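Chemist: Attaching a single structure in structure tokens format; questions to follow.
Taken together, the values in this text are just the output of simple stated rules run on the coordinates, not laboratory data. All figures in this text were calculated on a predicted structure; none of them were measured in a lab. Using ideal geometry, Cβ is built from the backbone for each residue, glycine included, and neighbour counts are taken over all protein chains shown.
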């Protein structure tokens, strides 16, 4: 057990209230440790003393877990003095974004920071039991720290009856059904936190606890995964939310997926293009049309930097440009500049690093032509390049 100090009430000067839960109220305070040394701290006043919370917190020492610094025990008052996290809770941070979703790199970073304390707790054979966004605090340097061990348990007690309930929207189904805990209980809750990072939303917001229980246990419902969620993360969430706790991933598996940002980023890019091409606009209505601007045999597709979709139309020897809503914007005649009688077969459309499009065109002589296409304020601009090696210089 790590040592912690016992202090007197006179050593604390209380400031504003930071938050209140079912079992405690948290204040900001100044702790006078000596004449020359003062420290800003968070002070948690327990409405009901829970000795196991102090016992568990006194064992913990991890950069992503709020540290217990001292205890004030002067009946009837019982306070835990802990390090102060000035950035507020993760839930508050997400609310303050007002729907402006997190960049993928930041999402993966926060998801990893949220998982690291769970790995440490697993090694310490401790189950937090109340993993949720309000219980992650943001410290200096944008470090995420897990707090509130009021209902935490040792793993050896996980299969015994649970006498205290956690927060229903984050609660795993085994606790709702028969008041049993499992060794992977926190993994289910962690999945809900990652879903919050993805959507910024509150799970099952506004629903009464009994309705949440009915949906999770009776209907096997889970928070809806966004359609543009990168596939590795979507698969991870489904595993985290498995009804059978034995089928949930280990914390090491979780960290393996979340830490591989390159794989997640590549999957997100592919999913985004697939969504634009297959879901968010009705390209299929244009295929087979008779008008000159409609598609007949689309061979290659790409999305430019403005979100427009460019399609190589083989039969018409054109590259068509459509908005995300499916509206035709402009066309490129790939036969322009060729000798009369020369056939043009645009096949491949790719996006370059500068936002321009690179189109490979196969002529009847089997020599490739590269067209560089850009969309500017003056409209569609393009020019021909007959050097096939130019393709190698484009991303």
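Chemist: What FRET efficiency, computed as 1/(1 + (r/R0)^6) with R0 = 45 Å and r the Cβ-Cβ distance, is obtained for residue 217 and residue 77, rounded to the nearest 0.05? Walk me through the numbers before you get to the answer.
Modeler: Values: r = 40 Å, r/R0 = 0.88.
Given R0 = 45 Å and the Cβ-Cβ separation, E is 0.70.
Chemist: R0 = 22 Å: FRET efficiency of residue 208 with residue 142, Cβ-based, nearest 0.05? All intermediate terms of the calculation are to be shown ahead of the outcome.
Modeler: Numbers: r = 35 Å, r/R0 = 1.59.
The value I calculate is 0.05.
Chemist: So how much slack lies between residue 86 and residue 101, counting 0.36 nm per residue of separation and subtracting their Cα-Cα distance, in nm? Intermediate values should be presented prior to the final figure.
Modeler: Numbers: separation 15, 0.36 × 15 = 5.40 nm, distance 2.23 nm.
Separation in residues times 0.36 nm, less the Cα-Cα distance, equals 3.2 nm.
Chemist: Using 0.36 nm per residue, how much length does the chain from residue 9 to residue 201 gain when fully extended, once their Cα-Cα distance is taken away? If you can, show how the numbers build up before the last one.
Modeler: Details: separation 192, 0.36 × 192 = 69.12 nm, distance 3.96 nm.
Value of the extension gain: 65.2 nm.
Chemist: In addition: If neighbour count is taken as other Cβ atoms inside 10 Å, put 98, 62 in order from fewest to most. Don't jump to the answer; show the numbers that get you there.
Modeler: Working: 98 7, 62 16.
Ranked by crowding around the Cβ, least crowded first: 98, 62.
Chemist: Sorting 79, 204 on the 10 Å Cβ count, fewest up front, what's the list? Before the final figure, lay out the partial values.
Modeler: Numbers: 79 23, 204 19.
Result, fewest neighbours first: 204, 79.
Chemist: Please compute the length gained on full extension between residue 25 and residue 252, using 0.36 nm multiplied by the number of residues separating them and subtracting their Cα-Cα distance.
Modeler: On the way: separation 227, 0.36 × 227 = 81.72 nm, distance 3.40 nm.
Extra length available between residue 25 and residue 252 comes to 78.3 nm.
Chemist: Moving to a separate point now. In what sequence do 89, 189 fall when counting other Cβ within 10 Å, fewest first?
Modeler: Working: 89 19, 189 24.
Ordered by Cβ neighbours within 10 Å, fewest first: 89, 189.
Chemist: May I pose another question? Taking every pair of alpha-carbon atoms in region 90-275, give the share separated by more than 29 Å as a whole percent. Intermediate results must be reported in sequence, preceding the final value.
Modeler: Working: 2986 of 17205 pairs.
So the portion of pairs separated by more than 29 Å is 17 percent.
Chemist: Pop the C-beta distance of residue 34 and residue 155 into the FRET formula with R0 = 35 Å and round what comes out to the nearest 0.05.
Modeler: Values: r = 39 Å, r/R0 = 1.13.
For residue 34 and residue 155, the calculated efficiency is 0.35.
Chemist: With all distinct Cα pairs included, what does the Kirkwood hydrodynamic radius of region 1-86 come out to in Å, to one decimal, could you say? Intermediate values should be presented prior to the final figure.
Modeler: Values: mean 1/r = 0.0759 Å⁻¹.
Kirkwood radius, region 1-86: 13.2 Å.
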